[in-house]
Amino acid sequence: MSALPAGGRAPEVLVPYWLAGPQRAELATAVRAALTGRYVHPVAAIHLEDVLTELHVAAARDAVWPAPAARVRLATGWDDDVLPVRLSAAELAGVLALPDLSDTVRATLDGGADG
């Protein structure tokens, strides 16, 4: 454990949200629609682009290191297509602000449902 410099910002924390394949596809579709279909603040657009990147990284991470997610899926009884998508607070806020996000995905990301 290391101490933060005085007055320094805390490092950004990425929280895993366990999403099934259809939920990840829906999230990607909603993010792409927001980026292409209406005005998005430039800072929000950066966070939403980071969400798209993380969706790709989640799949790649599982392909390269399948054991960690497989252990969680086995322990929870989740399907084989459930993967952790790691989001920062800013990315999560941007996603939850999307009007096209379904109630199911919104509840999962907002802590109201399991993966």
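The slack between His56 and Asp79, meaning 0.36 nm per residue of separation minus the straight C-alpha distance, is 6.4 nm.
Computed extension length for Ala67-Thr104: 10.6 nm, one decimal, from 0.36 nm per residue of separation with the Cα-Cα distance subtracted.
Here the dipole of the chain is about 240 debye; that uses its Cα centre as origin and unit charges on the Cβ of Lys and Arg (positive) and Asp and Glu (negative).
Within the chain, what's the longest stretch lacking trypsin sites (Lys or Arg not before Pro) that sit in DSSP loops with no more than 10 other Cβ atoms inside 10 Å?
39-115
Among Val15, Val105, Val51, the largest mean-square fluctuation in a Gaussian network model of the chain (Cα springs under 10 Å) belongs to Val15.
Using the empirical formula 2.2 N^0.38 Å as the baseline, the Cα radius of gyration of the chain reaches a ratio of 1.14.
Here, each number is a calculation from the coordinates, and none is a lab measurement. These numbers come from a predicted model, not from an experiment. Note that we place each Cβ from the backbone using ideal geometry, even for glycine, and neighbour counts take in every protein chain shown.
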